[in-house]
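The values are calculated or read from the model by the stated rules, or taken from the named source; none is laboratory data. Note that the coordinates shown come from a computational prediction; the quantities given were computed from them, not determined experimentally. Cβ sites come from the backbone with ideal geometry, for glycine too, and all protein chains shown count toward neighbours.
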Amino acid sequence: MSHNPTHIAFIGGGNMASAIIGGLIRQGMTTAQITVVEPFAETAAKLHKDFGITALPAAGPALAQASLVVWAVKPQVFSEAATPVKAHTLQALHLSVAAGIRTDSIGSWLGTERVVRSMPNTPALVGQGMTALYPCPAVTADDKALVEKVIGTTGQFLWVNQESHLDAVTALSGSGPAYVFFFLEAMTEAGVGMGLTAEQAYQLAVATFAGASSLAAASSESAEVLRQRVTSKGGTTYAAITAMEAAGVKPAFVKAMQAAEQRARELGDEFGKA
């Protein structure tokens, strides 16, 4: 990295790009240090309204100043989006937040080996994200530090040392917020069935998930131990857990994640043809 302030380019200016841009600006980065390529007028207008950034409708020479390029595009358009960008960004480090697209495809489309692939999740939008990162061998310690600084604005992160592990990450944390929302839906529905209002049931459910997650994060004990601690034999929690076990909830849940992992692998095959 040079001594000049870092310049970051975003290819795609949607939700995930906005989450990172918002975080960077809160950390003191100026909009002059950020370039965004966003062809959709509506998304570009939102970037201007939220951050005062004027997005470029197409890739051009302005990208040459970027020391980091963040790929926040849908997997199916990555290869097409890469073509006009490549010539301007051969010196840059590339960080992909596109689901499923593997680094060998990204590297061949962009003509570089300095690629970090990540799997973020939507709580990044409120600074509570969980992002897994995989560095290609050509990625330096300085490169990793820059990526950590950028991704750290959206929440927590962890590095994996095998790219295939990102498919598992996709199944756990990438798709995971939807599982939580699914449980929140079910808990709300149950509460309404028991006579609470939908608002009351939802407030109780959301606060319980947030609180239990905070408790788990603060505790050195396993989820199993924490669960056992609130489950006294013959009590109300015991009745609920026993019913869930009888219904095969846990194996069904594990199977659901395996389906997500499988789909993540398929996406890489489908959109990653170099």
Fill in: Enumeration of residues in segment 78-111 that are closer than 17 Å to F10 by Cβ, part of a loop (DSSP other than H, G, I, E, B) and in contact with a Leu (Cβ under 8 Å, 6 or more places away or on another chain)
H88, T89, A92, A99, I101
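Of the residues V254, V169, which is at pLDDT 95 or above and under 30 Å from L95 (Cβ atoms)? Even if it seems obvious, please write down each step before you answer.
Working: V254 fails: under 30 Å from L95 (Cβ atoms).
On inspection, the qualifying residue turns out to be V169.
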Practice prompt. Of the numbered conditions (1) assigned to a loop (DSSP other than H, G, I, E, B); (2) touching a Gly at 6+ places or on another chain (Cβ under 7 Å), M130 fails exactly one; give the number of that condition.
Written response: (1)
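Among the listed residues V97, V126, V77, which satisfies the condition of being on the phi < 0 side of the Ramachandran plot and either in contact (Cβ under 8 Å) with a residue 12 or more places away in the chain or outside the structural domain of N15 (by TED's automatic domain parsing) (or both)? Can you show your working first?
On the way: V126 fails: either in contact (Cβ under 8 Å) with a residue 12 or more places away in the chain or outside the structural domain of N15 (by TED's automatic domain parsing) (or both); V77 fails: either in contact (Cβ under 8 Å) with a residue 12 or more places away in the chain or outside the structural domain of N15 (by TED's automatic domain parsing) (or both).
Result: V97 is the single residue among V97, V126, V77 that is on the phi < 0 side of the Ramachandran plot and either in contact (Cβ under 8 Å) with a residue 12 or more places away in the chain or outside the structural domain of N15 (by TED's automatic domain parsing) (or both).
Give the residue, chosen from T208, T237, T242, that is at pLDDT 95 or above, within 24 Å of Q128 (Cβ to Cβ), in a helix (DSSP H, G or I) and not small (G, A, S). Can you show your working first?
Numbers: T237 fails: within 24 Å of Q128 (Cβ to Cβ); T242 fails: within 24 Å of Q128 (Cβ to Cβ).
Matching residue, one of T208, T237, T242: T208.
Of the residues in segment 104-163, how many are more than 14 Å from the chain's Cα centre (by Cα), of a type in the set (K, R) and surrounded by 19 or more Cβ atoms within 10 Å (Cβ to Cβ)?
Initial filter on segment 104-163 (more than 14 Å from the chain's Cα centre (by Cα)): 104-115, 135-146, 149, 160-163.
From what's left, of a type in the set (K, R): 114, 144, 149.
This time we only want the ones that are surrounded by 19 or more Cβ atoms within 10 Å (Cβ to Cβ), so: 114.
So the answer is 1.
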Worksheet entry | Number of the exception - T231 against (1) assigned to a helix (DSSP H, G or I); (2) surrounded by 12 or more Cβ atoms within 10 Å (Cβ to Cβ) | (1)
Worksheet item: Restricting attention to segment 226-274, which residues are aromatic (F, W, Y) and touching a residue at least 40 places away in the same chain (Cβ under 8 Å)?
Response: F253, F271
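So, in segment 19-63, of the ones that are part of a helix (DSSP H, G or I) and of a type in the set (S, T, Y), which residue ends up surrounded by the most Cβ atoms within 10 Å (Cβ to Cβ)?
Initial filter on segment 19-63 (part of a helix (DSSP H, G or I)): 19-26, 31-33, 41-51, 61-63.
Filter once more, so that each one left must be of a type in the set (S, T, Y): 31, 43.
On the way: T31: 16, T43: 18.
Once the filter is applied, the top-ranked residue is T43.
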Worksheet entry | Among (1) in contact (Cβ under 8 Å) with a residue 12 or more places away in the chain; (2) over 26 Å from V249 (Cβ atoms), the one test that A141 misses | (1)
Worksheet item: What is the one condition in (1) out of contact with any strand residue (DSSP E or B) (no Cβ under 6 Å at 6 or more places or on another chain); (2) touching a residue at least 40 places away in the same chain (Cβ under 8 Å) that G211 does not satisfy?
Response: (2)
